[in-house]
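A.B. asks: Sending over a structure as structure tokens; questions will come in a sec.
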Amino acid sequence: MSIASLPDHVVATHFRPLPNSSGALQAISSLVRQRLLAEAPPLWREAVQEYEDERNYMTLALATFPGNVTPMLTIELGVQHGAHRHATGIFMASWRRAETVIGPVSTVLLDGDTAEITAFVARMNTFLDLPETFADFAEHAA
């Protein structure tokens, strides 16, 4: 059984990344497919979901920018107090729409420093139980 076939709640509560970047990328791809893309329209241009509680937040975003056919994936992890937010983790990569997997990774940061993908996924795992608080999807014009 692959991670991609597991129900979202199983991935969120039981998956721990493999000790290599391939397993970590699979974990991120699975999260995007099972949470963000599960609710997005088929011809999405932009998809955003936020999860938060009173102290922490996680934002998942896919966007296709004008003049570019390759969507970009951004995952932001952070802490918040009232209306103030501070990012503690950033992951950015291209998204292969046809295969629904991550393409080349451009940025992985934790606490302002470059980080390994496995470390980012380990931190991301601590945010998976946050409740969804916002979702927005934009479609390509027909």
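Each reported figure results from applying straightforward, stated rules to the coordinates on display, with no laboratory input. Here the structure is a predicted model, which is why all the values come from computation and not from measurement. When we count neighbours, we look across all protein chains shown, and the Cβ atoms used for this are built from the backbone with ideal geometry, even at glycine.
A.B. asks: Do you know which residues across segment 27-42 are of a type in the set (G, A, S) and within 10 Å of the chain's Cα centre (by Cα)?
C.D. replies: Looking only at segment 27-42, we keep the residues that are of a type in the set (G, A, S), and these are 27, 29-30, 38, 40.
Of everything in segment 27-42, those that are of a type in the set (G, A, S) and within 10 Å of the chain's Cα centre (by Cα) turn out to be A27, S29, S30.
A.B. asks: So G112 fits all but one of (1) surrounded by 12 or more Cβ atoms within 10 Å (Cβ to Cβ); (2) over 14 Å from the mean Cα position of the chain (by Cα); (3) of a type outside the set (S, T, N, Q); what number is the exception?
C.D. replies: Here G112 meets the rest and fails (1).
A.B. asks: When only residues in segment 80-92 that are under 16 Å from the mean Cα position of the chain (by Cα) and in contact (Cβ under 8 Å) with a residue 24 or more places away in the chain count, which is surrounded by the most Cβ atoms within 10 Å (Cβ to Cβ)? Full working, then the answer.
C.D. replies: Residues of segment 80-92 under 16 Å from the mean Cα position of the chain (by Cα): 87-92.
Add one more test, that the residue is in contact (Cβ under 8 Å) with a residue 24 or more places away in the chain, and what stays is 88-89, 91.
Values: T88: 17, G89: 22, F91: 25.
Per the stated criteria, the residue is F91.
A.B. asks: Which of the residues that make up segment 58-86 are polar (S, T, N, Q) and under 22 Å from F120 (Cα atoms)? Break it down stepwise before answering.
C.D. replies: Residues of segment 58-86 polar (S, T, N, Q): 59, 64, 68, 70, 74, 80.
Selection gives T59, T74, Q80.
A.B. asks: Here's a follow-up. Applying the selection to segment 97-125, what residues are out of contact with any strand residue (DSSP E or B) (no Cβ under 7 Å at 6 or more places or on another chain), free of Cβ contacts under 8 Å to residues at least 40 places away in the same chain and more than 13 Å from A87 (Cβ to Cβ)?
C.D. replies: Correct list: R97, A98, E99.
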